[in-house]
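Asker: One structure, as structure tokens, below. Some questions next.
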Amino acid sequence: MRTVIVVISSLLVGLAADSVEPHTEADTVFLTKQQKLLRLLYHVQQPTIIKEEQEIAKTYKPVEHLDNYQDKEKVEIFWKYYSHYGFLPRGEVFSVFYEKHFYQAKALFELLYYAKDFDTFYQTAVWAREHLNEAMFVYAFTIAVLHREDTRDVILPAPYEIYPQLFVNADVIQKAYNIRLQGQVTTRKEPYVFYDNYSGFPVANNPEELVSYFTEDVGLNSFFTYLHYRNPFWLNPKNYSLPEFEHRGYDFFFILEQLLGRYYLERLSNNLPDIKPVDYSHPVLVGYYPELRLQNGREAPARPEGVYPSSIDFLYVEQIKNYERRIRDAIDFGYVAGYDYEKYNLREKDLTNILGNIIEGNAESINKDFYGSIYRNLLSLFGHIVDPVHRYGVPASVLEQPETQLRDPLFYRIAKRIVSIFYQYKKLLKPYTKSDLEFPGVTVEDITFDKLVTYFDDFDFEINNALALANPEEGANVNFVARQYRLNHKPFYYHIKVMSEKEVDSVVRVFIGPKYDVYGREYTLEERKQYYVLQDIFLQKLAVGENDIKRSSKDILQFGKEAPRFSDLYYTTEGALKGEQKFFLDEFRSHFGFPQRLALPRGTRSGLPLSVFVIITPAVEGVKHSLLPYGDKHVPNFPFDRRTMELEFQVPNVYFYDTYVVHRRLEDINATV
């Protein structure tokens with residue numbers, strides 16, 4: 001049986017939330033580290049304006065302090081490359097999907113990661129911030145902070161406040177420049193507010209823009225960004241003495257499937273049908289104009305409709321087709337082959353984890369040379385589509401940067417093709433039987449939900465990092481805020497009535513999915529299972545007799561709260577260092593999970609019908625779980641990870657329920673309170 005750990009990189013957990021005691025006060029050592037690291041991200045686009053950092057950047061050279069690094073050879077190689085060939089200069093667009101950029105970013109990460117102590121790490125980071133490309137620095141620095149033992153608890157600002165240009169429309173950034181040049185004075189308490197609209201607001205120009213409030217949500221895109229930072233495709237934990245990324249490949253599949261399911265619920269809310277997988281042999285029928293201005297002022301490239309994919313400067317279309325054919329043939333044959341020709345039997349047991357590593361092409365793929373990196377290959381192929389061989393110098397597209405991938409509707413078509421490979425494999429696995437599903441002595445008798453209501457409300461975040469300052473003092477008079485209209489929902493409760501013949505620990509899973517397709521046809525269970533989204537998972541001790549379980553939307557652990565503002569995070573840290581206030585870790589953590597405000601799809605005025613599925617399974621002590629004290633022996637999306645036989649689901653510990661989610665204007669909700 002598989003012991004599944006729902007790792008930090010999955011949809012089930014707010015990133016960086018582990019190992020934090022409830023209401024733990026930060027000590028001086030932690031606060032000093034955090035203050036220094038936050039300063040490094042302060043107006044990171046420009047050379048540092050902090051005197052301490054300026055002095056370090058002038059005098060410190062990593063190659064002169066080899067004894068302060070765990071791997072001296074890595075430092076020497078880095079410095080030789082930097083001195084003789086140079087790294088990506090400041091002001092250029094960075095993309096980890098560009099091979100040259102990737103190798104440089106990885107080398108910078110290793111330089112930072114192998115620093116023996118925090119002081120060396122800090123001085124190295126100050127040097128890198130000043131002398132290397134700023135976007136590459138943020139990328140490598142963030143990954144190093146998340147994985148170093150002495151910094152992994154540090155709380156970093158939200159990506160949309162480090163680089164607002166990747167999350168805010170270009171017209172907002174331009175307005176901020178203009179107002180800044182006019183000498184507008186602002187303060188922390190009195191910011192200058194700019195309204196940031198989504199693509200196609202208030203009137204959509206094409207069907208895809210109807211769901212731009214979801215695909216361009218700053219919280220959702222920050223969540224996806226941190227998935228990459230926490231689990232970069234190139235990082236093999238064995239090479240860095242890090243804990244194993246257990247079930248990394250399965251998580252890759254699960255995340256994409258859940259994103260697609262959640263995306264489809266938003267499409268249904270806007271009367272849009274499901275999407276089809278991207279196709280190599282046909283023109284791309286969905287265009288996209290990002291409306292973003294990249295960090296160096298260049299516009300993010302647009303993609304018109306009707307463009308055919310063609311071979312790019314480092315990848316041929318036929319090569320990608322061959323990679324996919326090899327994977328699909330291996331599934332049909334029942335074996336995949338490793339580097340040493342070792343065979344892995346795909347039929348004996350569920351090897352989705354190995355298959356996921358192969359498809360993502362991450363550092364733990366058993367044979368990357370043969371199976372390639374089809375997921376990233378597709379992102380590069382379609383990301384390069386308007387300038388495949390860089391003849392016109394078009395910068396990296398939104399598909400080639402983790403911060404912006406979810407904005408492009410083509411991303412979901414690519415994900416759809418990737419997930420279809422997993423489904424080809426899943427169809428070959430034996431479906432669960434009643435004996436696999438049942439929990440003897442436990443019966444779910446009923447489930448009821450409060451009325452589910454969504455609305456849009458204002459969300460403010462700082463865009464100060466997009467602007468340049470002459471000195472730190474000037475920052476006190478600069479506070480520009482973007483106000484975005486984001487989806488939200490009223491708090492709700494749901495009740496599960498359970499009868500148990502014994503006292504037992506159990507794991508409860510709650511899924512939501514579509515009841516009907518866009519044409520009003522009811523889905524069968526087999527059709528619906530790919531769209532089910534895991535809404536809640538929790539450990540429940542069942543008493544003998546009737547159990548009335550009451551859950552609040554605020555209790556759901558896999559949803560993350562809003563990130564603190566950059567300025568609030570910094571000034572609270574500074575105040576705590578001065579002894580003027582206290583800094584509690586739990587008040588600032590767990591803000592990079594799947595956004596709490598997106599817990600429900602938008603719904604419709606008349607109500608979007610939803611199918612709710614509940615299953616209760618026996619908990620097993622000793623089975624590790626990142627959210628729960630201990631879990632069960634099943635994957636997160638059990639029992640929908642295999643083909644479903646509807647008759648087999650007629651067991652007492654399973655329950656189906658129908659509800660609906662309605663959408664209202666905030667003014668109407670306030671009027672009824």
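Asker: Would you calculate the separation in nanometres between label points at R483 and E149, each defined as 7 Å from the Cα along the Cα-to-beta-carbon direction?
Answerer: That separation, rounded to one decimal, is 4.9 nm.
Asker: When the Cα atoms of the range 417-576 are enclosed in a convex hull and the volume is divided per residue, what value in Å³ results?
Answerer: 234
Asker: Please give the residues of the range 420-464, grouped as numeric ranges, whose backbone N is less than 20 Å from a label point set 7 Å along the Cα-to-Cβ vector of R328.
Answerer: Label zone hits: 420-429.
Asker: Only four residue types carry charge here, +1 at the Cβ of Lys and Arg and -1 at the Cβ of Asp and Glu. Report the dipole size of the chain about the Cα centre in Debye, rounded to the nearest 20. Present the calculation step by step, with values, prior to reporting the outcome.
Answerer: Numbers: 77 positive and 92 negative charges, 196 e Å.
In debye, rounded to 20, the chain gives about 940.
Asker: Still on this structure: What is the extension gain from L429 to L66, computed as 0.36 nm multiplied by their sequence separation minus the C-alpha to C-alpha distance, in nm to one decimal?
Answerer: Working: separation 363, 0.36 × 363 = 130.68 nm, distance 5.27 nm.
The span from L429 to L66 would gain 125.4 nm if fully extended.
Asker: Further, regarding this structure: Based on a Kirkwood Rh over C-alpha pairs, give the Stokes-Einstein translational diffusion coefficient of the range 293-345 at 10 °C and viscosity 1.306 mPa s in µm²/s. Please report the intermediate quantities before stating the final value.
Answerer: On the way: Rh = 14.8 Å.
The calculation lands on 107 µm²/s.
Asker: Further question: If you plug each phi of the range 266-271 into the Karplus form 6.51 cos²θ - 1.76 cosθ + 1.60 with θ = phi - 60°, what whole-Hz ³J(HN,Hα) values come out, in order, with x for Gly and Pro?
Answerer: 6, 5, 4, 4, 10, 6
Asker: If you put +1 on each Lys and Arg Cβ and -1 on each Asp and Glu Cβ, how big is the dipole of the range 92-214 around its Cα centre, in Debye rounded to 20? Present the calculation step by step, with values, prior to reporting the outcome.
Answerer: Numbers: 10 positive and 16 negative charges, 45 e Å.
Dipole of the range 92-214, to the nearest 20 debye: 220 debye.
Asker: Please give me, ordered by residue number, the GluC sites (Glu not before Pro) of the range 551-610 that lie in loop per DSSP and have at most 11 other Cβ atoms within 10 Å.
Answerer: Working: sites: E562, E574, E580, E587; in loops: E562, E580.
Sparse-neighbourhood loop GluC sites (Glu not before Pro): E580.
Asker: Kindly put V651, V518, V510 in sequence by how many other C-beta atoms sit within 10 Å of each C-beta, fewest to most.
Answerer: Working: V651 19, V518 14, V510 22.
By the 10 Å Cβ count, ascending, the order reads V518, V651, V510.
Asker: Given the options T433, I374, I359, identify the residue whose Cα lies farthest towards the positive end of the charge dipole of the range 339-435 (+1 on Cβ of Lys, Arg; -1 on Cβ of Asp, Glu).
Answerer: Result: T433.
Asker: Right, next: Mind ranking 82-92, 603-613 by how tightly packed they are, going by the mean number of other C-beta atoms within 10 angstrom, highest first?
Answerer: Values: 82-92: 14.0, 603-613: 18.7.
Ranking the peptides 82-92, 603-613 by packing returns 603-613, 82-92.
Asker: Another question about this same structure. Round to the nearest 0.05 the FRET efficiency obtained for E244 and R391 when R0 = 56 Å and r is the Cβ-Cβ distance. Spell out each step's value before the answer.
Answerer: Numbers: r = 43 Å, r/R0 = 0.78.
Once rounded, the FRET efficiency stands at 0.80.
Asker: Report the calculated FRET efficiency for F656 and D505 (r = Cβ-Cβ distance, R0 = 35 Å), to the nearest 0.05.
Answerer: Numbers: r = 24 Å, r/R0 = 0.69.
With a Förster radius of 35 Å, E is 0.90.
Asker: Out of the GluC sites (Glu not before Pro) in the range 588-654, which ones are loop residues according to DSSP with at most 10 other C-beta atoms within 10 Å?
Answerer: Details: sites: E621, E646, E648; in loops: E621.
Loop-located and lightly packed - E621.
Asker: Could you check the spin-label model distance between H282 and Y516? Points 7 Å from the Cα along Cα→Cβ, value in nm.
Answerer: 2.7
Asker: Evaluate the Kirkwood expression for the hydrodynamic radius of the range 352-399, namely the inverse of the mean inverse distance over all pairs of different C-alpha atoms, and round to one decimal in Å. Walk me through the intermediate numbers first.
Answerer: On the way: mean 1/r = 0.0846 Å⁻¹.
One decimal place: 11.8 Å for the Kirkwood radius.
Asker: Check each of the GluC sites (Glu not before Pro) in the range 117-150 and keep only those in coil by DSSP with at most 16 other C-beta atoms within 10 angstrom; list them in order. Please report the intermediate quantities before stating the final value.
Answerer: Details: sites: E130, E134, E149; in loops: E149.
The qualifying sites are E149.
Asker: On to the next question. Could you give me the ³J(HN,Hα) list for the range 288-294, computed from phi with Karplus coefficients 6.51, -1.76, 1.60 and θ = phi - 60°, whole Hz, x at Gly and Pro?
Answerer: 7, 10, x, 6, 10, 10, 5
Asker: Give the Rg (one decimal place) followed by the Dmax (whole number) of the range 527-639, computed from C-alpha coordinates and expressed in Å.
Answerer: 19.1, 59
Asker: Compute, for the range 246-426, the length of the dipole vector about the Cα centre, with Cβ point charges of +1 (Lys, Arg) and -1 (Asp, Glu) only. Units Debye, rounded to 20.
Answerer: For the range 246-426, the charge dipole is close to 320 debye.
Asker: What's the Kirkwood radius of the range 340-460 in Å, using all Cα pairs?
Answerer: On the way: mean 1/r = 0.0529 Å⁻¹.
Result for the range 340-460, one decimal place: 18.9 Å.
Asker: Could you work out how far helix 170-181 tilts from the main Cα principal axis of the chain, as a 0 to 90 degree angle to the nearest 10?
Answerer: That helix lies at roughly 30 degrees to the long axis.
Asker: Grab the alpha carbons of the range 390-507, take their convex hull, and tell me the volume per residue in Å³. All intermediate terms of the calculation are to be shown ahead of the outcome.
Answerer: Working: hull volume 32.1 nm³, N = 118.
Residue-normalised Cα hull volume stands at 272 Å³.
Asker: Angle between the Cα long axis of helix 118-131 and the longest principal axis of the chain, 0 to 90 degrees, nearest 10?
Answerer: Once rounded, one gets 70 degrees.
Asker: Could you calculate, for the chain, the ratio of the Cα radius of gyration to the Kirkwood radius, expressed as Rg to Rh?
Answerer: 0.95
Asker: Turning to a different aspect of this structure: Output wanted: per-residue J couplings in Hz (rounded whole) for the range 629-634, from phi through Karplus 6.51 cos²θ - 1.76 cosθ + 1.60, θ = phi - 60°, x for Gly and Pro.
Answerer: Ordered by residue, 3J(HN,Hα) equals x, 6, x, 10, 9, 10 Hz.
Asker: Where in the range 255-289 is the amide nitrogen less than 19 Å from a point lying 7 Å along the Cα-to-Cβ axis of K321?
Answerer: Within reach of a label on K321: 277-285.
Asker: Find the percent of Cα-Cα distances in the range 154-214 that exceed 15 Å, and round it to a whole number.
Answerer: On the way: 1192 of 1830 pairs.
Result for the distance tail: 65 percent.
Asker: Please enumerate, by chain and number, the lysines with C-alpha under 29 Å from the C-alpha of K427, excluding those fewer than 8 residues away in the same chain.
Answerer: Partners found: K276, K321, K343, K349, K368, K416, K515, K529, K624, K633.
Asker: Then there's this: Tell me, I537, I77, I50 in order of fewest to most beta-carbon neighbours within 10 Å? Write out the running numbers ahead of the final one.
Answerer: Values: I537 21, I77 14, I50 17.
Fewest to most other Cβ atoms nearby, the residues stand as I77, I50, I537.
Asker: Efficiency by 1/(1 + (r/R0)^6): what FRET value for E299 and R643, r their Cβ-Cβ distance, R0 = 45 Å, to the nearest 0.05?
Answerer: Details: r = 46 Å, r/R0 = 1.03.
The calculated FRET efficiency here is 0.45.
Asker: Additional query: For R188 and D457, calculate 0.36 nm times their separation in residues minus their Cα-Cα distance, and state this gained length in nm to one decimal. Numbers along the way, then the final one.
Answerer: On the way: separation 269, 0.36 × 269 = 96.84 nm, distance 2.16 nm.
Value of the extension gain: 94.7 nm.
Asker: Tally Lys and Arg at +1 and Asp and Glu at -1 over the other residues with C-beta under 14 Å from the C-beta of W79: what net charge comes out? Kindly include the intermediate steps, with their values, before the conclusion.
Answerer: Details: positive: K61, K72, K74, K80; negative: E64, D71, E73, E76, E110.
So the environment of W79 carries a net charge of -1.
Asker: What number does the range 246-426 give for Rg over Rh if you use C-alpha atoms and the Kirkwood radius?
Answerer: Values: Rg = 17.1 Å, Rh = 17.3 Å.
The Rg/Rh ratio comes out at 0.98.
Asker: How far is helix 374-383 tilted off the main Cα axis of the chain, in degrees rounded to 10, range 0 to 90?
Answerer: 60
Asker: Viscosity 0.692 mPa s, temperature 37 °C: give me the Stokes-Einstein translational D for the range 49-135 in µm²/s, with Rh taken as the Kirkwood radius over C-alpha pairs. Don't skip to the end; give the middle numbers.
Answerer: Working: Rh = 13.3 Å.
My calculation gives 247 µm²/s for D.
Readers should treat all values here as calculations from the given coordinates under stated rules, not as data from a laboratory. Worth saying up front: this structure is predicted, and the values here are computed from it rather than measured. So basically every Cβ, Gly included, is an ideal-geometry build from the backbone, and we count neighbours across all protein chains shown.
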